[in-house]
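Engineer: Quick one: the structure is below, and I'll ask about it shortly.
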There are 2 protein chains.
Amino acid sequence: MADEQKREMSRRKFLTAGAIAAGTMAVGGGIFGAFNSNVAQAKETCNIEVPSWPWPYVKLDAEKAKVLAYEGYGIDRCCYGVFRGIMVQLQEKVGYPYTMIPIEIMQWGATGGAGWGTLCGALMGASTAINFVVGPSRKDVEKVVNELYGWYTTFEFPKYKPPLGKAIKAEGAIPTSVSGSPLCHVSVGNWCSTSKYRAEGKERSERCARLTADVAAKTVELLNDWHSNKFAAAYKDTQSVEECMTCHGKGRSLENARGKQDCIQCHDDVNPNDLLEHIKKNWEIK
Amino acid sequence: MADEQKREMSRRKFLTAGAIAAGTMAVGGGIFGAFNSNVAQAKETCNIEVPSWPWPYVKLDAEKAKVLAYEGYGIDRCCYGVFRGIMVQLQEKVGYPYTMIPIEIMQWGATGGAGWGTLCGALMGASTAINFVVGPSRKDVEKVVNELYGWYTTFEFPKYKPPLGKAIKAEGAIPTSVSGSPLCHVSVGNWCSTSKYRAEGKERSERCARLTADVAAKTVELLNDWHSNKFAAAYKDTQSVEECMTCHGKGRSLENARGKQDCIQCHDDVNPNDLLEHIKKNWEIK
């Protein structure tokens, strides 16, 4: 009877500890209530704790990230691939709690989000992995993510070369291009324009598989730098963003735009001789 | 001695089980090796298992999702907010293993990814939550995500109204707009154009906080429908995507584009009288 009371006290204690760790109250009951009592038992006799976020990080291997990510592209495409290149290493080197995370939760980013061609899925997988191990300030997460996206827009993809005979879709050299944008639609479109290959052909797929390896390796480099206090932001906004945001940016006269994507990839460049006309369109902004 | 052997055997057995569950081999050792032996103890005496992915789902409350997501926007913006609106309910109703997931892993999506204005962060948080509970086929995940993005492009945001006196940034009515795009840059820009409010002002922030609630509620509705076999895809591609992809889409003569975003938000509309000229630009595509 005394033992049962001790066990019940321990259970409540764990649920509270779990609530703090997870940032919410884990309530028992419901059709999956059994899960909670299992966790309670764990706390009582096994000394399992949910580590506070950000989760522990150890130096990772950029070359291994390339191989894991490239293989991952073959399994479930770019977003899953980059996430795999980082999380599998953390599962191997740190173990718990990373072993609790299903890599599949980042399937959704392939083709820029269910075929929509928005943010490159490789960057989505990278950003989520970064957010597991950088924090607690969102500003710190954004420093690393911003540097990765900036690098992506200027890098000549793809650089990674799979071992001879081990290519997923196409052996040999793949034409390279610079996207100038973090968007899948633009990244793939620019590569098609440069390479003259089809957007859904095996060469494009191979290009994205190798890009997945390149992004995973760069992310590991940034994370290793961040956690060894060697991180240094190098990316500068493009000329169009600098120029356009002098009027359209935060705190400026026509503050009606947000973003860091190269403006003239979608908007007409502004002729200085037409500046007055260009401004008139926007003067009604409060 | 015999007990130690049994414990060691049990430990190996768990690590193998963990490897299968997590899709990788969880190796002990390294500076965090102690985590693994704790998990091994858990397996030995506490019957803790990592559930197979996708993780268990129970019917969630769309109204509660709005409140949790709106509050979440006030803590760490849109991506975190929507993720919170779904994951906190799963932590409460299912408990473990959701209680192991730090909601903060989706901080990165705010402002469309570290200020880049790409995919709306609310949709990033929603997509990751969806991917925890839908699967194992990526095609199934994409069905739900595609429906959510399509709905987003046509919905007049914001609809949610916080209780009187409880607004995060601005009380009262907020002007509404239809984005026509899943991109933060376009969604915010179109709202600024309609409302005449500034892109970084308190009214825009309030608009995005309420949009966060709307997206969380719609995501819960889609997940409840999916898990009760009531899901029905309703979204149809825009006219520009249908028309442009007849030449630029997969398997077509100029297959050099991918995506579902309204083409004429960034590209000039094609005048049928200029179609030949327009085609000539692309004929070199392999």
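Engineer: How far apart, in nm, are the 7 Å Cα→Cβ label points at residue A:139 and residue B:269?
Structural biologist: Inter-label distance under the simple model: 4.5 nm.
Engineer: Using only the Cα atoms of segment B:225-286, build the gyration tensor, take square roots of its eigenvalues as a ≥ b ≥ c, and label the shape rounded, prolate or oblate: rounded if a/c is under 1.5, else prolate if a/b is larger than b/c, else oblate.
Structural biologist: Prolate shape, in that a/c is at least 1.5 and a/b is the bigger ratio.
Engineer: Would you please name the GluC sites (Glu not before Pro) within segment A:215-286 that are DSSP coil residues with at most 13 other C-beta atoms within 10 Å of their C-beta?
Structural biologist: Loop-located and lightly packed - A:284.
Engineer: A follow-up question, please. Compute the Cα gyration tensor for segment A:78-117, then decide on rounded, prolate or oblate, letting a ≥ b ≥ c be the square roots of its eigenvalues: rounded whenever a/c is under 1.5, prolate when a/b is larger than b/c in the other cases, and oblate in all that remain.
Structural biologist: Because a/c hits 1.5 or more and a/b exceeds b/c, segment A:78-117 counts as prolate.
Engineer: A further question on this structure: Kindly state, to the nearest 0.05, the FRET efficiency for residue B:230 paired with residue B:171, given R0 = 35 Å and r defined as their beta-carbon distance.
Structural biologist: 0.45
Engineer: Residue A:243 label points, 7 Å along Cα→Cβ, one per copy: pairwise distances from this copy to the rest in nm, shortest first?
Structural biologist: 3.1
Engineer: Let me ask something else. What gaps in nm, shortest first, separate residue B:225 from its twins in the other copies when you place the label 7 Å past Cα toward the beta carbon?
Structural biologist: Spacings between copies for this position, smallest first, are 4.5 nm.
Engineer: Under the Karplus relation 6.51 cos²θ - 1.76 cosθ + 1.60, θ = phi - 60°, what is the ordered set of whole-Hz ³J(HN,Hα) values for segment B:80-87, x standing for Gly and Pro?
Structural biologist: The phi angles translate into 4, x, 5, 4, 4, x, 9, 5 Hz.
Engineer: Two-decimal Rg/Rh of segment A:79-145 from alpha-carbon positions, Kirkwood Rh?
Structural biologist: Expressed as Rg/Rh, it is 1.00.
Engineer: Looking at segment A:192-261, which trypsin sites (Lys or Arg not before Pro) are in a loop (DSSP not H, G, I, E or B) and have at most 10 other Cβ atoms within 10 Å?
Structural biologist: A:230, A:236
Engineer: Another question about this same structure. Search the structure for amide H atoms under 5 Å from the amide H of residue B:157, placed 1.01 Å from N in the peptide plane, and list their residues when 5 or more places away or on another chain.
Structural biologist: Under 5 Å from the amide H of residue B:157 lie the amide H atoms of B:177, B:179, each far enough along the sequence or on another chain.
Engineer: Ok, one more. For segment B:115-192, rounded, prolate or oblate, judged on the Cα gyration tensor with a ≥ b ≥ c (square roots of eigenvalues), a/c < 1.5 rounded, else prolate if a/b > b/c?
Structural biologist: Verdict is prolate for segment B:115-192.
Engineer: A follow-up question, please. Counting each pair of different Cα atoms once, what's the Kirkwood radius of segment A:161-230 in Å, rounded to one decimal?
Structural biologist: 13.3 Å
Engineer: While we're looking at this one, here's another question. Read phi for every residue in segment B:152-168 and hand back ³J(HN,Hα) as whole Hz from Karplus 6.51 cos²θ - 1.76 cosθ + 1.60, θ = phi - 60°, with x for Gly and Pro.
Structural biologist: Going residue by residue, I get 4, 5, 10, 7, 8, 7, x, 9, 4, 10, x, x, 3, x, 10, 5, 6 Hz, with x marking Gly and Pro.
Engineer: Still on this structure, please answer the following. D for segment B:119-277, whole µm²/s, Stokes-Einstein with Kirkwood Rh over alpha-carbon pairs at 37 °C and 0.692 mPa s: what number?
Structural biologist: Diffusion coefficient, whole number: 188 µm²/s.
Engineer: Another question, then. In nm to one decimal, list the spacings between the residue A:279 label point and its equivalents in the other copies, with label points set 7 Å along Cα to Cβ, shortest first.
Structural biologist: Residue A:279 label point versus its equivalents elsewhere: 4.6 nm.
Engineer: Still on this structure, I have one more. With a 1.4 Å probe and all protein chains kept in place, how do A:132, B:155 rank by accessible area, largest first?
Structural biologist: Ranked from most to least accessible, the order is B:155, A:132.
The values are calculated or read from the model by the stated rules, or taken from the named source; none is laboratory data. Only a predicted model underlies this, so the values are computations on that prediction, with no experimental measurement involved. Cβ coordinates were reconstructed from backbone atoms using ideal geometry, including for glycine residues, and neighbour counts include every protein chain displayed. We work out accessible area using only protein heavy atoms, side chains counted, and drop any ligands, DNA or RNA first. Shrake-Rupley method; radii C 1.70, N 1.55, O 1.52, S 1.80 Å.
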